[in-house]
Amino acid sequence: MISIVLLLRPDDARGQSQEVKTRPTLYYIPHTHWEGAVFKTREGYLEMGLPNILTALRLLQAYPDYKFTLDQVAYIKPFLEHYPE
């Protein structure tokens with residue numbers, strides 16, 4: 001799932017042209033969400049979700065400004081059990 005946030009922040013563009021100051025900034029925020037067992041089994045969600053966390057961790061290491069949102073703690077314990085390193 002990708003959440004899209006559109007922000008207009010003209011105050012942050014000091015010293016830039018008027019055109020740049022008034023252009024909105026589009027942020028793509030990677031996000032994952034666990035639906036319990038609504039559509040899949042718990043194991044099915046873990047099989048799908050845990051690799052997303054691994055990818056996010058690799059991106060966080062490679063790109064210090066990268067942001068990732070994991071809005072549910074239900075992934076944390078299984079992630080640490082599957083990937084203790």
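Computed from the coordinates by the stated procedures, all read-outs in this text should not be read as laboratory data. None of the values given here were measured: they were computed from a predicted structure. Glycine gets a Cβ as well: all are built from the backbone with ideal geometry, and neighbour counts include every protein chain shown.
Please give the peptides 47-53, 65-71 ranked by average Cβ packing (other Cβ atoms within 10 Å per residue), highest first, as a rough proxy for protection.
Working: 47-53: 15.3, 65-71: 12.4.
Those peptides, ordered most packed to least, come out 47-53, 65-71.
A straight chain from Y66 to Y83 at 0.36 nm per residue would run longer than the Cα-Cα distance by 4.0 nm.
Spin-label pair M48-R23: with each label point 7 Å from Cα along the Cα-Cβ axis, the two points sit 3.6 nm from one another.
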